[in-house]
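Since every read-out is calculated from the coordinates, none of them should be taken as a lab result. Note that the structure is predicted; figures quoted are calculated from it, not measured. Note that we place each Cβ from the backbone using ideal geometry, even for glycine, and neighbour counts take in every protein chain shown.
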Amino acid sequence: MWRIDLPLPFRLRSINVYLVQGKDGCALVDTGIDMPDSRAAFFAALESIGIDQSAIRDVYVTHMHPDHIGLSGMHGARGATIHLMRDEEQRARYMWSAQPLDRWVGYFRAHGLDEANASAVTEAAAKLRKAVTLPDRFATLDDRDFVRLGGRAVRVVWTPGHSDFHYVLVDDDARAIFAGDHLLPTITPNIGLYPECRPNPLDDYLKSFARFERLGDYTVYPAHGKPYSALPDRVHQLVLHHRERLQGVWDCVIAKPEGACSADVVAHFWGDRLNSHETRFALVEVAAHLEYLRLAGDLSSSIADGTIRYHTESTKPSMPV
Ligand SMILES: [Zn+2]
């Protein structure tokens, strides 16, 4: 198996794709973004390993974000089968099409951005469309399927939160987890509420850990950063991070007697120093935390002048275990 590091035009500078060689062909986990330097780096890596692209039979895309799915069309056009979880395709086809992202502007307005910022955030996201090429068709995966990864049988485990139908691949024989963005070693994956998403992505994310906590002696192969073990410790850190963030979001709401919208909370944490991409990630992450608290009964919401504001009468938020 090889870990191939491909460049990204984001602050998150690179992505790992994993090439696994078996007796009858290779499999790839995630693909990289479809940009010239990323393609060049991928082919240079294949050449140095001595594997031809035609040997890649199966490509497992953990979720529909551009750095994971971007080059899937290239592999599909050259004969590989591209695997995606069943219900992730719909969002992929919407995001990476020419359809206007018209729900987004209204959504960001409702969460407190002004018209100019809501449009800027949406346009910045739409610009990524040129860095994604989808295949004509996907082979669909379901939770608990067994699939072949370079000759090995691995389990598909649905891990929603960072994306609704994100999955990881678990190789129980090799004690390995191909984790996509679900369990990153040094940063917390963005858990964001989007207008077309499942209603409580943070709850999805935190509950998904129950499937991994007992897996103490596995090595995690993440899409960003170095492989690591000590998975239970990392899960503990990730839960703590979200507990702290929930407390911080809740403190921000209680400090505003008139109620706080998502953009108020973003300004509280980050001021006005975020670019358009960062504003989007911050806003959808805050919205996910606010909705988590609302659905837990700790906050209520109301709409005035088209803006969703959150309020609370309780003195302490309930917390994930
Ligand atoms: Zn992602």
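Overview of results
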{"read-out": "Neighbour count of at most 16 Cβ within 10 Å plus DSSP loop: longest GluC sites (Glu not before Pro)-free window in the chain", "value": "1-195"}
{"read-out": "Viscosity 0.890 mPa s, 25 °C: Kirkwood-radius Stokes-Einstein D of the range 1-117 over Cα pairs, µm²/s", "value": "157 µm²/s"}
{"read-out": "Beta bridges by DSSP in the chain, antiparallel share as percent, to the nearest 5", "value": "65 percent"}
{"read-out": "Gain in span if fully extended, T219 to S318, counting 0.36 nm per residue against the direct Cα distance", "value": "32.4 nm"}
{"read-out": "Qualifying trypsin sites (Lys or Arg not before Pro) for the range 1-35 [loop in DSSP, other Cβ within 10 Å: at most 13]", "value": "R11, R13, K23"}
{"read-out": "Loop-located trypsin sites (Lys or Arg not before Pro) in the range 259-321 whose Cβ has at most 11 other Cβ within 10 Å (DSSP)", "value": "R273"}
{"read-out": "Signed unit charges on C-beta, dipole axis of the range 237-311, positive-most listed residue L293, T279, H268", "value": "L293"}
{"read-out": "Anchor K207: lysines whose Cα lies under 28 Å away (excluding residues fewer than 8 positions away in-chain)", "value": "K226, K316"}
{"read-out": "Cα-based Kirkwood hydrodynamic radius, the range 237-311, one decimal, Å", "value": "12.6 Å"}
{"read-out": "Gap separating the Cα centres of the range 67-110 and the range 304-320, nearest whole Å", "value": "32 Å"}
{"read-out": "Dipole axis of the chain (+1 Lys, Arg; -1 Asp, Glu on Cβ), positive-most option in H311, N200, P135", "value": "P135"}
{"read-out": "Point-charge dipole on Cβ atoms (K/R +1, D/E -1) for the range 237-311, about Cα centre, debye to 20", "value": "100 debye"}
{"read-out": "Charge dipole (debye, nearest 20) of the chain; +1 at Cβ of Lys and Arg, -1 at Cβ of Asp and Glu", "value": "420 debye"}
{"read-out": "Length-normalised contact order for the range 1-156 - Cα pairs under 8 Å, 6+ apart - percent", "value": "24 percent"}
{"read-out": "Additional length obtainable on full extension of the chain from S48 to A124, 0.36 nm per residue less Cα span", "value": "23.8 nm"}
